[in-house]
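FYI, it's all coordinate maths here, none of it is from the lab. On a predicted model such as this, the values are computed, not experimentally measured, just so you know. Here the Cβ is made from the backbone with ideal geometry for all residues, glycine too, and neighbour counts use every protein chain on show.
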Ligand code: PXP
């Protein structure tokens, strides 16, 4: 297996997007495929360090039953992405995932578009972070590489930040280099404040090497690219291919 000091969280939401495209009304049918559990286990066998799912308010892909099934079945860590609502918080407190990543959620968006505005919602987020942390879950904030958001994340008691790499992934050349500089500054500050620094969104085997100047990265969360590659080479092959690139990261 490729050796890397960077951890990989495999986001399997889009395996479930495919299942829901056909089995939205009957996700529990014995005919429903592809299996979320088989995907998680394949990712683990290939070397994933955690399995990430986003239980959205609109339940467009992952369903409640998927989260409970994964919690009792996977061998690695479960990372639950969630918006800060009472409904999802109650589920998270029951499920007790190893990690929660707090994300902004907007019903119209195709995917999580921007980072969470932690600074603007300190009190509400502080309460959620405390409830989850007291329940044994480590909490992360999905934030843009914006120093105010990093400081606010530390101040409200988060253990980790996940830097939103969407802008990085959507640009090339000078614009991407400028974003890498912002990510470097954000990672430095997060590390100085004692936060674990993760990153995710839009990452692929192609663009990862351009991210490598960013220091202190502990974990990457990657979904769409892996599920897309899996169509052609299988999820096991896709995870291995990605881990081989991740092995070239030097902090
Ligand atoms: N991290 C977070 C917090 C996300 O919301 C997402 C998208 O669901 C990802 C990582 C994975 O992004 P992608 O599917 O583009 O790899």
Computed over segment 76-173, the convex hull of the Cα set has an average projected area, in nm², of 7.1 nm²
Sorted largest first, the C-alpha extents of segment 110-251 along its principal axes in whole angstrom are 45, 35, 31
Full extension between residue 134 and residue 121 adds, at 0.36 nm per residue less the Cα distance, a length in nm of 2.7 nm
Label model pair residue 90, residue 184: point-to-point distance (7 angstrom along the Cα→beta-carbon line) in nm is 4.8 nm
Contour minus Cα-Cα span, residue 110 to residue 249, at 0.36 nm per residue, comes to 47.0 nm
Restricting to Cα pairs under 8 Å and 6 or more apart, the percent relative contact order of segment 108-152 works out to 51 percent
Restricting to Cα pairs under 8 Å and 6 or more apart, the percent relative contact order of segment 204-251 works out to 53 percent
In Å, the Kirkwood hydrodynamic radius from C-alpha pairs for segment 63-118 sits at 12.3 Å
Contact order relative to length for the chain, counting C-alpha pairs under 8 Å separated by 6 or more residues, stands in percent at 21 percent
Taking only the alpha carbons of segment 128-199, the radius of gyration and the largest Cα-Cα distance, Dmax, both in angstrom, are 13.0, 44
Descending packing, highest mean Cβ count within 10 Å first, for 64-70, 214-220 is 214-220, 64-70
Distance in Å, no decimals, from the C-alpha centre of segment 58-89 to the one of segment 162-201 is 26 Å
Applying the gyration tensor rule to the Cα atoms of segment 185-251 (axes a ≥ b ≥ c; rounded if a/c under 1.5, else prolate if a/b exceeds b/c, else oblate), the class is prolate
Across the alpha-carbon set of segment 1-102, Rg over Rh with Rh taken as the Kirkwood radius works out to 0.97
Applying the gyration tensor rule to the Cα atoms of the chain (axes a ≥ b ≥ c; rounded if a/c under 1.5, else prolate if a/b exceeds b/c, else oblate), the class is oblate
Given 40-50, 72-82, 240-250, the highest-first ranking by average Cβ count within 10 Å works out to 40-50, 72-82, 240-250
Given a Förster distance of 35 Å, the FRET efficiency implied by the Cβ-Cβ spacing of residue 64 and residue 240, rounded to the nearest 0.05, works out to 0.65
Length gained, residue 177-residue 73, 0.36 nm per residue minus C-alpha separation, equals 33.3 nm
Residue 212 and residue 5 label points (each 7 Å along its Cα→Cβ direction) are spaced in nm at 1.4 nm
In deg cm²/dmol, rounded to the nearest 500, the helical mean residue ellipticity at 222 nm of the chain, built from -39500 (n - 2.57) for every DSSP H run of length 4 or more, is -14000 deg cm²/dmol
